[in-house]
Amino acid sequence: MLRNKEFRRFTILFSLIAAASVTLGFAINTTAAILGFASAAAFGATFFTFTKARYKHIAQLSKQIDLVLHNADRLGLDEPDEGELSILHSEITKMMLRIREQNDALKKEKEHLADSLADISHQLRTPLTSANLILSLLMNNPDENERKAFVREAEELLVRMDWLITSLLKLSRLDAGVVVFQSEPTGVNDLICAALRPLLIPMELHNIDLQIDMPKGVIIQGDSGWLSEAIQNILKNCMESAGENGKIEIICTDNPLFTEIDIHDSGAGFEKEDLPRLFDRFYRGKSTNATGYGIGLALCKMIITRQGGMITAKNHPQGGAIFAIRFPK
């Protein structure tokens, strides 16, 4: 306590006042001097006892803060009685809990970043290995037709790698929070048309029957560019699932509570164990025939949910898969 400058000043001042009181008491009579000395001693002892208790609580707070700074796993503070120390204790506890939450969040982000980098390197390594193999075959193959086939395969790999890198960059931008979505009235018809435009020719080549049930004049709030991309990724997933001579239905329903877009394909649907993880990043399903990189649906969910919507996927009772995108009013 004596390290505290204010406490030292108070002790010196109190000693001078007590000495003056006792001296004055002796000037009056011995009884007054004894009474003055006893009062000063009682007051000093009481003050010292209470101050020592307060310093003990402060020392505990200081020790606990030091433990938190060195990554202690728990708080070990006893709640003091009501008063200034109780308020200070409460605020420090809040601060320590907040620091711990931030520390845990940072650890999780580092782990997520490490996992993401490992997944990204794995996803890129596969097409790169295939491209290197094709290049070696091209160098050692004199047959012109086979060389052209290898060139086409290499071009397809490059297109897939370009899509993969672009999608990963978009995910990174969304994770970093640098993307600002424009919230503006967007017609659902325009949204679906924009998403379908690049896919109409592939659908025709694969003889996929496309059916659209879309009421006119339905409006939602959101960023049309990003939302059309999300819907396009879902449609690509449905095209792969439907396959040759398949069928895709797009149905829009609108009511006072929400607007919903349902996309249903005639494919095989989802495996039961895959349903809880369909939108997980880099999840490709348990099937050995699973294609893709497990990025498209994760990107869709992030785009839609960050604009106030929600997306779900399940198996349709009549067969195939159905994706439901809902935007509340």
Using the C-alpha atoms of the chain, what convex hull volume per residue, in cubic angstrom, is computed?
240 Å³
For the peptides 221-230, 206-215, what is the packing order when you average, over each peptide's residues, the other Cβ atoms within 10 Å and list the highest mean first?
221-230, 206-215
Between the residues SER167, MET139, LEU124, the Cα farthest towards the positive end of the dipole of segment 118-176, that dipole coming from +1 and -1 charges on the beta-carbon of Lys, Arg, Asp and Glu, is from SER167
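Once you wrap a convex hull around the alpha carbon atoms of segment 234-329, what is its projected area averaged over all directions, in nm²?
On the way: hull surface 25.2 nm².
Taking the Cα atoms of segment 234-329, their convex hull projects to 6.3 nm² on average.
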Sorted from largest down, what three extents in whole angstroms do the Cα atoms of segment 118-176 have along their principal axes?
49, 18, 10
Gain in span if fully extended, GLU111 to SER15, counting 0.36 nm per residue against the direct Cα distance
28.5 nm
Largest fluctuation, LYS108, LYS314, LYS301 only, Gaussian network model of the chain with Cα springs under 10 angstrom, belongs to LYS108
Please state the relative contact order of the chain as a whole percent: Cα pairs under 8 Å, 6+ residues apart?
11 percent
What spacing in nm lies between the two simple spin-label points modelled at ALA268 and ALA32, each 7 Å away from Cα in the Cβ direction?
10.8 nm
Difference of contour (0.36 nm per residue) and Cα-Cα distance, LEU169 to THR51
36.5 nm
Compute the angle between helix 224-242 and the longest alpha-carbon principal axis of the chain, please, reported from 0 to 90 degrees and rounded to the nearest 10.
50 degrees
Given a cut-off of 31 Å, name the pairs among LYS148/LYS247; LYS52/LYS107; LYS110/LYS247; LYS170/LYS314; LYS63/LYS107; LYS216/LYS236 whose C-alpha atoms lie farther apart than that in the structure shown.
LYS148/LYS247; LYS52/LYS107; LYS110/LYS247
So how tilted is helix 296-305 from the main axis of the chain? Cα-based, degrees 0 to 90, rounded to 10.
50 degrees
Choice from THR23, THR93, THR166 with maximal GNM fluctuation in the chain (Cα, 10 Å cutoff):
THR23
Using each residue's phi in segment 9-14, evaluate 6.51 cos²θ - 1.76 cosθ + 1.60 at θ = phi - 60° and report the 3J(HN,Hα) Karplus result to the nearest Hz, with x for Gly and Pro.
4, 5, 4, 5, 5, 5
Over the chain: helical MRE at 222 nm, DSSP H runs n ≥ 4 each giving -39500 (n - 2.57), nearest 500
-21000 deg cm²/dmol
What do you get for the angle between helix 144-176 and the principal long axis of the chain? Use alpha-carbon atoms, 0 to 90 degrees, nearest ten.
30 degrees
Antiparallel %, DSSP beta bridges [both residues in the chain], to 5
85 percent
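Every number in this text was worked out from the coordinates using simple rules, so none of it is lab data. In this text, all values refer to a predicted model and were calculated from it rather than measured experimentally. Methodologically, a virtual Cβ is constructed for each residue, glycine included, from the backbone with ideal geometry; neighbour enumeration extends over all protein chains shown.
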